[in-house]
Amino acid sequence: MKFTSWGAAGEVTGSQHLIETKTRRLLLDCGLFQGQRAESREKNESFACGPQNLDALILSHAHIDHCGNLPGLFKAGFRGPIFCTPATADVAAVMLNDSVRIQAEDARYIRKKLGPDHPRVAPLYEQEHVDRVVKLFETIPYGQTERLGKDVELRFSDAGHILGSAICELELVDGDDKKRVVFTGDLGRRGLPLLRDPQQVPGCDVLITESTYGDRVHPVVEEQVDQLARIIDQTAKRNGRLIIPAFSLGRTQNLVYFLNTLANEGRLPQIQVFVDSPLSLELTRTYQRHQEILDAEYQRTLRSDSNPFAFPGLTFVRSQQESMDLNRRAGATVIIASSGMCESGRVVHHLKHGLGDENNTVLLIGFQGQHTLGRRISERPRTVRIFDRDVPLRADVVQLSGFSAHADSQDFQWWFAGLAKERGVGQAFIVHGEEQGARGVAALLHDTCDEDPVIAVRGKTYVVE
Ligand SMILES: [Zn+2]
């Protein structure tokens, strides 16, 4: 069989991996590349995987860097099917509808800025591509082995990363040979509230593993929640505003759930909490629709609290007007808004209005990429440029790195031990990580594999005998 990574090789966005046997061409994930505009656009528009000749796509989870270019793949000729868990199908439909709306808005904005004479910057895909691609979803619940023709079997195990996320296990007949292939998707963490822990699976001939945080150890989640409680207390005492930039899928639901737990334990002071994102509200509803796959602690909470995504003082903000009104509001408030790296979305307005006040706090809880507003704020300069204006930075800036939903090196080690326990690994390909993370995972995997682990290079085809 052959393996080629067409995205998320040596980087963390644009997940797209091709597996070819003598009879089958299967694509794992089809995400959007995010980053410098021109380079990402070029990568997002080129489909070297041969979309028309794919037999199927297997989708690990619904983060936009894993599913966001499915409509583009459809536009390029792919006609399915797309296999995923039921929750992933539900969440991906919400994400893709949001993605096409943002692209249309961006195209309009660029056109307005550059003038009517400038060649039109078209969105990567249109609403009709989204509408048609979501019809290709075929769902398989966790733990059920599905036969796709006589030469492929597929099974999903819980990856514990976001709602519906899956470790994909494939049994492939390749001529006279049989190969077991395991793809981690994004691997979650053990002990993260709300989601079940990642499941260990038996070893395989070919492992395709992510490596985002393969070189570091995250702080314990409980300690981070204690710190969050302390920061909210300080904000309440100062009558200030706490601004938390957070991605709408995954991170925001975790935060709301943590705050609900604090409220249930009587540890949340009198404070108004606003989740300023219609998308977050819609995604929170998908968590509720599929709550049977959330963890045991969540199920216990349900017995005494019928809605663990709601507590006194919490409001989900929908309209633009309500969002703007938050900036004129007096009294202590918490505002959770996207995007997580402060590059776009409503959080940018809240930062513009809030950074100048020393009673306020900005809490950064996610990875802040290079050249992003979040990264600049994390460096605590005297002023920050927002919308062509220099805004003084007087607010407190706090960074907590322990809310990540990605496995750290200890989680990887534990999960690889599961592979080693039953048959080990033949060949491993390391994807979805920058150099340090990928090297970290390569070192951890070394003794588990027959062959030296390979850090995949984009567009390079590897033959596995
Ligand atoms: Zn993810």
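Annotations
- Nearby lysines by direct alpha-carbon distance to Lys135 (threshold 22 angstrom, same-chain neighbours under 8 apart not counted): Lys75
- Under the convention that each Lys and Arg Cβ holds +1 and each Asp and Glu Cβ holds -1, the size of the dipole of the stretch 221-399 around its Cα centre is about 500 debye.
- Extreme residue, positive dipole direction of the stretch 221-399, given options Asn360, Ala263, Ile336 (C-beta unit charges): Asn360
- Summing Lys and Arg as +1 and Asp and Glu as -1 over all other residues whose Cβ lies under 14 Å from the Cβ of Gly188 gives a net charge of -3.
- The stretch 153-190-the stretch 429-465 distance, computed between alpha-carbon centres (Å): 17
- The simple Förster model, with R0 at 45 Å and r as the Cβ-Cβ distance, assigns Asp390 and Trp414 a FRET efficiency of 0.45.
- Share, in percent, of DSSP beta bridges within the chain that are antiparallel, nearest 5: 45
- Charged side chains reduced to their Cβ positions (Lys and Arg at +1, Asp and Glu at -1) give the chain a dipole of some 1560 debye around its Cα centre.
- Listed by chain and number, the aspartates and glutamates placed with their C-alpha closer than 17 angstrom to that of Lys112 are Asp388; residues fewer than eight positions away on the same chain are left out.
- Sorting 79-85, 292-298, 127-133 by average packing, meaning the other beta carbons within 10 Å per residue, from highest down gives 79-85, 127-133, 292-298.
- Simple rule: put +1 on each Lys or Arg Cβ and -1 on each Asp or Glu Cβ in the stretch 59-207, find the dipole, and look at Leu172, His66, Thr139; the Cα lying farthest toward the positive end is His66.
- Sequence-distant lysines (8 or more away, or on other chains) whose Cα lies within less than 22 Å of Lys2: Lys22, Lys43, Lys150, Lys178, Lys179, Lys460
- Antiparallel bridges, percent of DSSP beta bridges restricted to the stretch 221-399 (to nearest 5): 15
No value in this document is a laboratory result; all are computed from the given coordinates. Quantities reported herein were computed from a predicted structural model and do not represent experimental measurements. Methodologically, a virtual Cβ is constructed for each residue, glycine included, from the backbone with ideal geometry; neighbour enumeration extends over all protein chains shown.
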